[in-house]
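See structure below.
The values are calculated or read from the model by the stated rules, or taken from the named source; none is laboratory data. All values reported here derive from a predicted model rather than from experimental measurement. Cβ atoms come from the backbone with ideal geometry, glycine included; neighbour counts cover every protein chain shown. Accessible surface is based on the protein model in full, side chains and every heavy atom, while ligands, DNA and RNA are left aside. Shrake-Rupley method; radii C 1.70, N 1.55, O 1.52, S 1.80 Å.
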Amino acid sequence: LISNINIRHIDSLDGVQFEKVLGKLFEKMGYEVSFTKVTGDQGADLLLSKAGEKKIIQAKRYNHTVSNSAIQEAVAAKAFYRYDMAAVATNNYFTAGAIELAKSNGVELIDRTTLKEWLKIYPIHRHEI
């Protein structure tokens with residue numbers, strides 16, 4: 001019986017559950033985490049703060065690669081919330097266009113490989129979600 005959340009478990013979650021897993025990961029990294037409303041979030045799903053740094057997270061639990069529209073949403077959310085940083089987190093990977101746009105806008109990309117690494121460093125038990 002696997003009691004910790006792994007990437008295959010994340011693949012079976014819905015978007016809101018994925019956001020909760022991300023929130024728990026960032027809490028374990030020392031961030032204060034708040035969630036935006038499910039609709040009308042202006043491109044941000046999680047709002048993070050730590051040591052005066054403020055970061056928005058756009059979460060994309062997809063069965064396909066994430067395109068540059070997610071990067072555009074994150075850039076807009078960063079401005080809307082007046083935060084310092086923006087990131088897009090996915091259980092998948094990013095298209096070349098998304099990577100290019102993220103680099104030019106300073107958006108951090110958190111892909112499947114990164115998530116797998118984080119889940120090893122910051123294990124989350126299923127009962128925590």
Legend entry - Accessible area per residue in Å² at 1.4 Å probe, computed on the chain: 53 Å²
Legend entry - Gain on full stretching of the segment that runs from His125 to Ser67 - 0.36 nm per residue minus C-alpha separation: 17.8 nm
Inset, instruction - Calculate for the chain the 222 nm mean residue ellipticity that helices alone would give, adding -39,500 (n - 2.57) per DSSP H run of length 4 or more and normalising by residue count, nearest 500 deg cm²/dmol. - result: -12500 deg cm²/dmol
Legend entry - Distance between modelled label sites at Phe80 and Leu13, nm, 7 Å Cα→Cβ extension: 2.1 nm
Inset, instruction - Calculate I(q)/I(0) for the range 1-67 by the Debye formula, one identical point scatterer on each C-alpha and no solvent, and give its log10 at q = 0.17, 0.27 Å⁻¹ to two decimals. - result: -0.66, -1.25
Inset, instruction - Can you tell me what the convex hull of the Cα atoms of the chain projects to on average, as an area in nm²? - result: 7.5 nm²
Legend entry - Listed residues Met85, Pro123, Leu47: farthest to the positive end of the dipole of the range 31-129 (Cβ charges): Pro123
Inset, instruction - Search the structure for amide H atoms under 5 Å from the amide H of Thr36, placed 1.01 Å from N in the peptide plane, and list their residues when 5 or more places away or on another chain. - result: Leu46, Leu47
Inset, instruction - Tell me the label-point distance for the pair Glu117, Lys103, using the 7 Å Cα-to-Cβ offset, in nm and rounded to one decimal. - result: 1.8 nm
Legend entry - Candidates Ala96, Ala86, Ala51, ranked by Gaussian network fluctuation over the chain, Cα under 10 Å, top entry: Ala51
Inset, instruction - Return the carbon/sulfur percentage of the accessible area of the range 17-129, one whole number, probe 1.4 Å, all protein chains in place. - result: 49 percent
